[in-house]
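Every number here is computed from the coordinates shown, using simple stated rules; none is lab data. Worth saying up front: this structure is predicted, and the values here are computed from it rather than measured. Cβ atoms come from the backbone with ideal geometry, glycine included; neighbour counts cover every protein chain shown.
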Amino acid sequence: MAATSVLNEPAYAHVFDQKEDVISAAKNGLSWTYHADKDAQYVLPNNSPEHIRLEQQAVLLSGLMNHRIFHAPVKDGPHLQCLDIGCGTGIVTDTMATTLPQAQCFGVDLSPVPNMRAPKPNVRFFQGNVGTQPPSQWIPNDRESGFERDHEVFDYVFSRLLIFGVTDWPAYIRTQFDLLKPGGWAEVHDCDWTYFNEAEEVISDEWSWLQTLHSICEGEKGMDFQCGRKVAQWMEQAGFRDIQVFKYKWSYDPLSTQEPGVREFGEWQVRWQPEMINTMIERSVTSGHGAGMVEHNAIVRMQDEMRKCLAPEKGKHIWFYVTIGQKPPGVA
Ligand SMILES: C[S@@+](CC[C@H](N)C(=O)[O-])C[C@H]1O[C@@H](n2cnc3c(N)ncnc32)[C@H](O)[C@@H]1O
């Protein structure tokens with residue numbers, strides 16, 4: 001079935017109205033803020049323009065996936081416990097709670113989750129670093145008590161776009177395995193940061209801004225810019241079974257595709273992704289310590305080159321992978 005437009009849906013109107021001002025405010029000198037966890041390497045900001053970017057991206061990603069965010073065969077039930085790791089604004093946690101109304105849905109993030117929508121009774125948010133802290137150390141955003149157990153807590157563990165946050169992917173996937181009860185499902189949505197043309201040839205190998213980010217974020221921080229395609233192998237190594245992979249085209253081509261979901265995503269990407277990468281370049285190069293003059297000039301050169309490389313182009317895309325796997329029912 002072809003994807004349909006998300007932009008005309010009343011349910012999403014609030015995500016796209018009056019937001020431009022906030023994003024322009026960011027461009028005109030609003031200070032970005034970042035998470036405060038000294039053990040986390042995540043390089044994107046955590047204040048309101050980034051929240052708006054994430055909300056818009058989430059709506060458009062839903063359109064790209066034909067409104068089917070969740071791929072694992074999880075059935076609703078009264079004792080189901082579901083987790084959204086790196087939940088950002090909580091938009092997927094909220095959708096999860098609608099899709100699985102009898103389940104208890106939890107979101108955890110390095111930064112406090114902003115209040116962007118009416119709270120649902122089956123949603124709770126926590127602050128924590130999934131790379132270094134077990135659930136019992138996550139801080140609830142409400143006044144209720146936290147998790148008592150650290151292993152086999154959840155029936156469904158979901159994460160999306162942790163490419164700039166996870167610094168040891170095999171360990172992260174093992175953590176998901178450990179957090180799941182036997183028979184539970186993991187679902188990971190992430191991309192490979194390699195650009196292709198229409199003929200499926202790699203076009204980004206010579207882009208020096210991207211190679212510089214590769215060497216800083218992968219070489220120094222331990223991220224993996226090809227995590228999307230590798231999740232299946234890490235799931236296999238961790239002991240998951242019934243692993244399945246679904247691929248979506250993350251387009252930079254607003255012009256030639258006829259599919260509304262892909263086209264709208266492409267339109268939004270070419271407009272807003274350079275703003276996101278601008279902040280990422282600065283944060284990665286300076287490690288948050290501020291730039292000297294040499295660094296400042298290098299940053300501006302990288303940003304200029306990046307904007308040229310990410311100009312809209314027929315068939316230009318990266319790949320977005322959805323990988324699901326089940327923890328075998330008899331395994332602790
Ligand atoms: C690109 S955002 C994606 C947010 C959300 N998953 C979505 O798709 O809208 C990545 C989020 O992961 C969070 N994050 C990164 N590393 C993390 C970690 N080690 N533990 C918990 N959250 C983390 C960041 O704070 C950020 O909110």
Classify the chain as rounded, prolate or oblate, taking a ≥ b ≥ c as the square roots of the eigenvalues of its Cα gyration tensor: rounded when a/c is under 1.5, otherwise prolate if a/b is larger than b/c and oblate if not.
-> rounded
Given 100-113, 130-143, 242-255, the highest-first ranking by average Cβ count within 10 Å works out to 100-113, 242-255, 130-143
What is the dipole size for the chain, taken about its Cα centre, with +1 at each Lys and Arg Cβ and -1 at each Asp and Glu Cβ, in debye to the nearest 20?
-> 380 debye
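Defining a contact as two alpha carbons under 8 Å apart and six or more residues distant in sequence, what relative contact order in percent does the chain show?
19 percent
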Under a plain spin-label model, where a point goes 7 Å from the Cα along Cα-to-Cβ, how far apart in nm are ARG301 and ASP168?
-> 3.6 nm
In deg cm²/dmol and to the nearest 500, what is the mean residue ellipticity at 222 nm of the chain if only DSSP H runs of at least 4 residues count, each as -39500 (n - 2.57), divided by the residue total?
-> -10500 deg cm²/dmol
In percent, how large is the relative contact order of region 185-225, given Cα pairs closer than 8 Å and 6 or more residues apart?
-> 30 percent
